[in-house]
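The values are calculated or read from the model by the stated rules, or taken from the named source; none is laboratory data. If you're wondering where the values come from, they're calculated on a predicted model, not measured in any experiment. As a convention, Cβ positions derive from the backbone with ideal geometry for all residues, glycine included, and neighbour counts pool all protein chains shown. With ligands, DNA and RNA removed, areas are computed over all heavy atoms of the protein, side chains included. Shrake-Rupley method; radii C 1.70, N 1.55, O 1.52, S 1.80 Å.
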Amino acid sequence: MSCCEHDHHDHNDHNEAAKCSCCCGAEHEHKQASASCCGGEKPSSVKTQYIVLIVSIISLIISFINPAQRFGVKIFHYIDPAWLALLLCGVPIVKAGFKNLFKNRKITSGLLISVAMIAAVALEMFLMFNMGHVEMHHHESYIFAAGEIAFLMTLGGMIEDYTVRKSRAGIERLVTIAPKTAYVKNGDSLVLTKVDDIKIGDIVVVKPNNMISADGVIISGKTAVDQSSMTGESLPVDKAEGDEVFGGTWNKSGAVEIRVTKLAKDMAVSKLISLVEEAEGKKAPISRLADKWAGYIVPSAIILAFVVAVVSYFLFHISVLDAVIRGVTVLVVFCPCSLALATPTAVAAGLGNAAKRGVLIKSGAALEELAKVDVMAFDKTGTLTEGQIEISDTFAYGMDEKAMLALAAAAEKYSEHPIAKAIIKGYDAQISEPEQTTSLVGIGVEATVDGKKVLVSRWTGLESSGIDTSKAEADAKELLVCGKTVVAVCVDDVLAGIIALSDVLRKDTPAAVRAINNMDIDTIMLTGDNEQTALSVAQTSGVQKVKHSLMPDDKLRCIEELKQHGKTVCMVGDGVNDAPSLAAANCSVAMGALGSDIAIETADIALMGSDILRMPGLVGLAKKVMTRIKGNITLSMSINFIAVLLSTLGLLTPVTGALVHNLSSVLVVSNSALLLTVKDRF
């Protein structure tokens, strides 16, 4: 696909052919061949394109050799071989240019090139009939010049297509991973079924080394799942009964049975496909600026060509023919193809680079906003931290720590509270069977374990119990200052120990935050946790500012206040309770968005995995894209300005002007393609 942007269309209809506009303004359909930058619609087959180019270059070489003069081949006195290149490559350009003019009422750069080629043909006719009494030489064949222009435009379009295809490879990989069929369990047999026909609750069987065909939960079997196609993770993830899996990922080892939890249209991979279409359809604001310039440049070029011809005739005292030649050269070199390519090729390369690493950027506008960010706001739970509490410290008084933990785990055995689950997970051994378990609302749980009365209680819940806590006061106070949750374990009404639990900081969080701070971006944490916990996490992670004890609407107000003070804010969260603040920020990133519809739909950028160290690299990529776009625009305009000046002075001809024009387009596309080589971790 060439440099195009989707028109607004229904993204839910994947079968509808999406209309695109290339940089010359010619519309074409996604399913058909695209149009090159300044060309018309190209042949649908790549093989046909190559044949057209080969035949055209051969005809141009024969024309340049000029057999009529060198070898006396008389037919070439009347029929220039370059006509073949002009017809094969030039006619589609002329058709597209004038179709846009008369049917769509749009002046495009394709029209400008068409006018230049027609003017070159007119000059050849002028010379052929010797109207100016000018002796003809092979280098004065303007059919050759027109054919060369057409050939170079077509070749440039193919180079452009190839580059953008490479840029979109990561995005297209996401689109092509959507599963088509699945083996659905029906009694003792397996029925091959279209994914679109699968219902929620169906049991899907996935064999080893096959693609998982639906979002669901494993009900039987164990395996390792390669999720790299969606999350960018390099290593397979172990999955067992009760674990969630996603359609489009790969089952690498054991056979598993999966209970379907989502219809095909609601699967994570389907959401990604919709977002890919959305991303390609949204332009960055700087792209609209380039479009506006291109709209003014085309008519300006035609006027300028006329002015150059007139001024050259009177100022330099040259012939009418030479003055017209200089005007035609201006038409050739002033085509804004490279300007129109400056933004979409860079954005496509940036989106493609990110997509192949499991980072889905919804639009060029999101990239532009991310490049301008000067404040990055983080949620705590699930973003800076793992979002799962674990035992961090244990203290026993008068008994062995392991024995104390065993009694606590037994008392909590049938509790569904997160603290209970963390204690059971932390013990990780055979747990005794409790008796007479009683849940104490707001305090904890009490049970009889191996004949002992065991109470597991919040530290503050012991105040009215009459139990002596003096021996643990110092330890508990130190743990509470660190923002940890402290649980007391009492055996037969005597304090036996305390257990401290905390939400574990992601191992890469300090490095990620440090890298962002070093980019002159302020960091702030917005969390609903208490002050001690928030300050502890901020100090450990390196976040500069903290706002604690916030409700979702409080986070929203914080974002709005920062924006009112002229800050460009990026919000990073998990996309669930952070949805309002994600929507309010200039740019938003959802961590671990795979499987979260809210995250995918709300945030501008979705990290399919939970590697926070991708954030600095992502910001760096956005800055590189914007720098590349601005560099492309500067390069394009500078080359155009110099080329017009040289054309006015007669130092460029239509032939050499075509080379300069295409050189600028190739330079712009190549400069954008370098973004594919960015290796920063993200």
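For the range 272-322, what are the residues that are among the aromatic types (Phe, Trp, Tyr) and either at pLDDT 85 or above or surrounded by fewer than 15 Cβ atoms within 10 Å (Cβ to Cβ) (or both)?
Within the range 272-322, 296, 306, 313, 314, 316 meet the criteria.
Given the structure, is residue 575 modelled with pLDDT under 85, in a loop (DSSP other than H, G, I, E, B) and at positive phi?
yes
When you look at residue 378, is it more than 30 Å from residue 624 (Cα to Cα) and among the aromatic types (Phe, Trp, Tyr), yes or no?
Here the answer is no, as residue 378 does not meet what is asked.
Please determine whether any residue of the range 626-642 is touching a residue at least 24 places away in the same chain (Cβ under 8 Å) and closer than 26 Å to residue 85 by Cα.
yes
Consider only pairs whose beta carbons are under 6 Å apart and that are at least six residues apart or on different chains; among these, list those whose first residue lies in the range 142-158 and is part of a helix (DSSP H, G or I) and whose second residue is open to solvent by 10 Å² or more (accessible area, probe 1.4 Å) and of a type in the set (Val, Ile, Thr).
That search, which allows pairs on different chains as well, returns 145/655; 146/121; 148/655.
What do you reckon, is residue 348 among the small types (Gly, Ala, Ser) and either open to solvent by less than 10 Å² (accessible area, probe 1.4 Å) or at positive phi (or both)?
no
Every residue in the range 640-650 that is open to solvent by less than 40 Å² (accessible area, probe 1.4 Å) and of a type in the set (A, V, I, L, M, F, W, C), please.
643, 644
Before we move on, is residue 507 touching a Ser or Thr at 6+ places or on another chain (Cβ under 9 Å) and either modelled with pLDDT of 90 or more or over 24 Å from residue 568 (Cα atoms) (or both)?
no
Criterion first (under 40 Å from the mean Cα position of the chain (by Cα), open to solvent by less than 30 Å² (accessible area, probe 1.4 Å) and at pLDDT 85 or above) does residue 93 satisfy it?
For residue 93, the condition - under 40 Å from the mean Cα position of the chain (by Cα), open to solvent by less than 30 Å² (accessible area, probe 1.4 Å) and at pLDDT 85 or above - is met.
Restricting attention to the range 427-449, does a residue exist that is without any contact (Cβ under 8 Å) to a residue 40 or more places away in the chain, open to solvent by 10 Å² or more (accessible area, probe 1.4 Å) and within 30 Å of residue 592 (Cα to Cα)?
Yes: one or more hits.
Has the range 549-566 got any residue that is out of contact with any Gly (no Cβ under 7 Å at 6 or more places or on another chain), in a loop (DSSP other than H, G, I, E, B), closer than 30 Å to residue 395 by Cβ and not aliphatic (A, V, I, L, M)?
no
With respect to residue 421, is the statement that it is under 23 Å from residue 474 (Cβ atoms), surrounded by fewer than 16 Cβ atoms within 10 Å (Cβ to Cβ), at pLDDT below 95 and not small (Gly, Ala, Ser) true?
No.
Conditions first: (1) closer than 21 Å to residue 549 by Cα; (2) not in a strand (DSSP E or B). Residue 503 passes all but one, so which condition is the exception?
Of (1) closer than 21 Å to residue 549 by Cα; (2) not in a strand (DSSP E or B), only one is false for residue 503: (2).
Name every residue in the range 366-391 that is assigned to a helix (DSSP H, G or I), of a type outside the set (Gly, Ala, Ser) and under 21 Å from the mean Cα position of the chain (by Cα), in order of residue number.
Hits for the range 366-391 are 367, 368, 369, 370, 383.
Being touching a residue at least 12 places away in the same chain (Cβ under 8 Å), surrounded by fewer than 19 Cβ atoms within 10 Å (Cβ to Cβ) and within 20 Å of residue 533 (Cα to Cα) is the filter here; which residues of the range 458-471 pass it?
458, 461 - these are the residues of the range 458-471 that are touching a residue at least 12 places away in the same chain (Cβ under 8 Å), surrounded by fewer than 19 Cβ atoms within 10 Å (Cβ to Cβ) and within 20 Å of residue 533 (Cα to Cα).
Could you list all residues from the range 540-553 that are of a type outside the set (Gly, Ala, Ser) and either surrounded by 14 or more Cβ atoms within 10 Å (Cβ to Cβ) or touching a residue at least 40 places away in the same chain (Cβ under 8 Å) (or both)?
540, 543, 544, 546, 547, 548, 550, 552, listed by residue number.
For residue 516, indicate whether it is outside any loop (DSSP other than H, G, I, E, B) and either within 24 Å of the chain's Cα centre (by Cα) or of a type in the set (Gly, Ala, Ser) (or both).
yes
Taking the range 611-639 only, how many residues are of a type in the set (D, E, K, R) and either surrounded by fewer than 22 Cβ atoms within 10 Å (Cβ to Cβ) or on the phi > 0 side of the Ramachandran plot (or both)?
Going through the range 611-639 one residue at a time, the tally reaches 3.
Can you tell me which residue is most open to solvent (accessible area, probe 1.4 Å) among those in the range 651-667 that are closer than 25 Å to residue 63 by Cα, among the polar types (S, T, N, Q) and part of a helix (DSSP H, G or I)?
My answer is 656.
If you scan the range 364-387, which residues turn out to be open to solvent by 10 Å² or more (accessible area, probe 1.4 Å), over 21 Å from residue 547 (Cα atoms) and not aliphatic (A, V, I, L, M)?
368, 369, 372
Could you tell me how many of the residues in the range 473-500 are hydrophobic (A, V, I, L, M, F, W, C) and more than 23 Å from residue 535 (Cβ to Cβ)?
Qualifying residue count for the region: 7.
Need pairs with beta-carbon distance below 8 Å; first residue in contact (Cβ under 8 Å) with a residue 60 or more places away in the chain and assigned to a helix (DSSP H, G or I) and within the range 472-494, second among the acidic types (Asp, Glu) and surrounded by fewer than 21 Cβ atoms within 10 Å (Cβ to Cβ); sequence gap 6+ or separate chains.
Short answer, once both residue conditions are applied: 479/393.
Kindly indicate the residue of the range 392-414 that is in contact with a helix residue (DSSP H, G or I) (Cβ under 8 Å, 6 or more places away or on another chain) and part of a loop (DSSP other than H, G, I, E, B) and also surrounded by the most Cβ atoms within 10 Å (Cβ to Cβ) among those meeting that condition.
412
If we scan the range 331-345, do we find a residue that is open to solvent by less than 10 Å² (accessible area, probe 1.4 Å) and outside any helix (DSSP H, G or I)?
Checked against the condition, which is being open to solvent by less than 10 Å² (accessible area, probe 1.4 Å) and outside any helix (DSSP H, G or I), the range 331-345 yields at least one hit.
With the requirement that a residue be of a type in the set (Asp, Glu) and open to solvent by less than 40 Å² (accessible area, probe 1.4 Å), what does the range 476-511 give you?
503, 508
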